[in-house]
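Each remark here refers to the structure printed beneath this line.
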Amino acid sequence: MGRVARALIIHELLERARDRWVIVTTLLFALLATGIAAYGRSAGDAAAVVTAPSLVTLNAFLVPLVALILGHDAIVGERERHTLGLLVSLPVSRWEILVAKFVGRGLALCVAICVGFGAAAVWLSPAQRPVVLSLLGPSILLGASFLSLGVLLSSASRKVATAASLAVVSWFLLILFYDLALLTAMVATDGALSQDTVAWLVTLNPAGLYRTSLMNQLVGVDALKELGLVVSMPGSRARAMVWFAWIALPLVAGAGLLSRRHAVTA
Amino acid sequence: MKLNVDDIAVRFGPVRALGGVSMALDAGQVTVMAGPNGSGKSTLMSVLLGLIRPDEGQVTADGRLVCDRSRLSTSWFRERIGYLPEAPAFSETLSGRQIMRFFASARGLPRARIEVVIERVGLAHAAARPVRGYSRGMRQRLALGCAILHTPEVLILDEPTGGLDQQGLAVLWEILDEWRKAGRTVLMSSHELALVERRADRVVVMVDGKVIAAGTPDELRSQSGLKPEVRIGPGLDEIYEELVGGVSWDVSPAH
């Protein structure tokens, strides 16, 4: 990455550190995580086991929201402020601008996630902290997926308000309605959908992939089986490909949109 | 750096934004583009800045290709231009110094250069404050500072006088004079011709994507059919400069 892109990464991080929406959602995340951990503390030695699944559920809702907020105005915000042309006129390619904005905002997202987990970890004993801290990596992957989606929506939109609306709709669709739609499909097809198909459909949604991978890791396959939940999840290589696709493909599409004729001037 | 704009045409669907525009931007000259909204001034600037590719024609700088229908403005050229967009709105939460720091880092400049430019554009007293507390004129001066940070060979200014008070205009005129004397190239667009006519070495008038007149202000005056006007006494801008510059005079009525 060139000099301009590196400078843009630091600039983005500085700007996000002062973004009131990012600060508010980070504090909210830390508060809720603290609440979960403090409540789970009453379970004594089993605190981490009680706390971790609840944190997974919290993260599955909040992390995508924070990520979409961070990403939605990455490009369209510059366009509305009449500074996108200024950025593009620097000796830097458009894809570098997009990636630099993703990385800079991604670093801010990492800080937000670490603050949340840090707040939870404070309530646990040192022996139990690794269980909760093992959620950090997958949470960052979840955040990166939705941040990438947010940047794509930003590249595709003409106004910040439009990008914000699309971000909210995306959150509802992927976090709330996707699983309901899947359940509806299973009921409507009267079980015609195979377990493998359902497993793949769950995995293809980054929020679903996040939840099922971590539940598998935390609670164990047998416990899931007893609850009648899907256990034949795609392997680790397939899951890695899904993460990669969700992070890379929106950025590639965003770079393509930014390269359009009217992308900067209209 | 001498720029040659050769037969540049740009179409956006059925709309012809630029129709075969040609002009020469000489080193050591301030060229002002004038014309109504939609005349193609910003589109031509966008071509030079690498924001859009022309459909026809090419731009060269000192004989070296900058852009044509197959490519946007090269990196080499964009290293050498400074751009002031119309009414830019920088991040309100960052200070002027932090905004400039980004552009300095992007251009590989030392931090000491930032302080020199901040002083130059008259923002030393406000550089540490968030941009949200800046007036429109201060934001314009900040943008001007960002454009000249790396002492570009070509300055491209889109409506640079917007929002500037007399002090801000004085800073702008000084910078234009400095660029002219150093043999650098300036291209600016303006609606405020009365304000810029004394500073322009060449004026290019554009309408509907075409150049309809070009020349020095005196050449345009002699070509026009308008009657000459003689003004006796200083202009209001000169009176203001004298007042604000510290000299005040009593305007009490005669007894």
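The values are calculated or read from the model by the stated rules, or taken from the named source; none is laboratory data. Just so you know, these numbers come straight off a predicted model, no measurement behind them. Don't worry about glycine lacking a Cβ; one is built from the backbone with ideal geometry, like all the others, and counts go over all protein chains shown. When the accessible area is computed, the model is the full protein with side chains, heavy atoms only, and any ligands, DNA or RNA have been set aside. Shrake-Rupley method; radii C 1.70, N 1.55, O 1.52, S 1.80 Å.
Counting heavy atoms of the protein chains only and a 1.4 Å probe, report the per residue accessible area for the range B:18-116 as a whole number of Å². Heavy-atom accessible area per residue stands at 36 Å². Accessible area of B:Trp179 (1.4 Å probe, protein heavy atoms only, ligands and nucleic acids ignored): about 10 Å².
Once the 1.4 Å probe is applied to the protein heavy atoms, the range B:175-228 comes out at 57 Å² accessible per residue. Reducing the range B:108-161 and the range A:145-187 to their Cα centroids gives an inter-centroid distance of 39 Å. Applying 1/(1 + (r/R0)^6) with R0 = 35 Å to the Cβ-Cβ distance of B:Val15 and B:Ala182 gives a FRET efficiency near 0.35.
When only the Cβ of Lys, Arg, Asp and Glu is charged (+1, +1, -1, -1), the dipole of the protein assembly as shown relative to its Cα centre reaches about 920 debye. In the range A:9-40, burial by the other protein chains removes 50 Å² or more of 1.4 Å probe accessible surface, compared with the chain on its own, from A:His11, A:Arg18. To the nearest 0.05, how large is the calculated FRET efficiency for A:Val169 and A:Arg237 if R₀ is 41 Å and r is the Cβ-Cβ distance? It comes out at approximately 0.80. Identify, among A:Gly71, B:Gly13, B:Ser73, the residue whose Cα sits farthest towards the positive end of the charge dipole of the protein assembly as shown, taking +1 on the Cβ of Lys and Arg and -1 on the Cβ of Asp and Glu, with the dipole about the Cα centre. My answer, from the dipole projection, is A:Gly71.
Ellipticity at 222 nm from helices only: DSSP H runs of n ≥ 4 in chain A, each -39500 (n - 2.57), divided by the residue count, give -24500 deg cm²/dmol.
In the assembled protein chains, A:Met241 presents an accessible area of approximately 130 Å² (probe radius 1.4 Å).
For the range B:96-121, accessible area lost to neighbouring protein chains reaches 40 Å² or more, against the chain alone with a 1.4 Å probe, at B:Gln98, B:Phe102, B:Phe103, B:Ala106, B:Arg107.
In this calculation the C-beta distance from A:Ile23 to B:Arg221 is compared with R0 = 51 Å, giving a FRET efficiency of 0.30. Our estimate of slack between B:Asp6 and B:Ile212, defined as 0.36 nm per intervening residue step minus the Cα-Cα distance, is 72.6 nm.
Rolling a 1.4 Å probe across the protein heavy atoms gives chain A an accessible surface of 44 Å² per residue. Across A:Lys159, B:Lys210, B:Lys181, the residue with the most accessible area heads the list, and the full order at a 1.4 Å probe is B:Lys181, A:Lys159, B:Lys210.
Here the Karplus curve 6.51 cos²θ - 1.76 cosθ + 1.60, taken at θ = phi - 60°, turns the phi angles of the range B:204-219 into couplings of 10, 9, 10, 9, 6, x, 10, 7, 9, 7, 8, x, 6, x, 5, 4 Hz, with x standing for Gly and Pro. Roughly how many percent of the accessible protein surface of the protein assembly as shown is carbon and sulfur, given a 1.4 Å probe and a whole-percent answer? Its accessible area is 61 percent carbon and sulfur atoms.
In the complete set of protein chains, residue-level accessible area for B:His191 is approximately 100 Å², probe 1.4 angstrom. Basic side chains Lys and Arg get +1 at the Cβ, acidic Asp and Glu get -1 at the Cβ, and with that the dipole of chain A about its Cα centre reaches some 920 debye. Sorting B:106-112, A:98-104, A:27-33, B:61-67 by average packing, meaning the other beta carbons within 10 Å per residue, from highest down gives A:98-104, A:27-33, B:61-67, B:106-112. Summing Cβ point charges (Lys, Arg +1; Asp, Glu -1) relative to the Cα centre of the range B:46-129 gives a dipole of roughly 340 debye.
Across the cross-link table entries A:Lys159/B:Lys41; B:Lys41/B:Lys181; B:Lys2/B:Lys210; A:Lys159/B:Lys181, which are compared at the Cα atoms, the separations over 32 Å belong to A:Lys159/B:Lys181. Taking every DSSP helix (H) stretch of at least 4 residues in chain B, weighting each as -39,500 (n - 2.57) and dividing the sum by the residue count yields a mean residue ellipticity at 222 nm of -9500 deg cm²/dmol. In the range A:72-104, burial by the other protein chains removes 40 Å² or more of 1.4 Å probe accessible surface, compared with the chain on its own, from A:Arg81, A:His82, A:Leu86, A:Ser89, A:Leu90, A:Pro91, A:Arg94. Among the residues of B:46-52, the average count of other protein chain beta-carbon atoms within 10 Å of the residue beta-carbon is 6.
Between A and B, roughly 2500 Å² of accessible area is buried in total, ligands, DNA and RNA not counted and the probe set to 1.4 Å. The listed residues A:Arg81, B:Arg198 rank as B:Arg198, A:Arg81 when sorted by accessible area, largest first, using a 1.4 Å probe.
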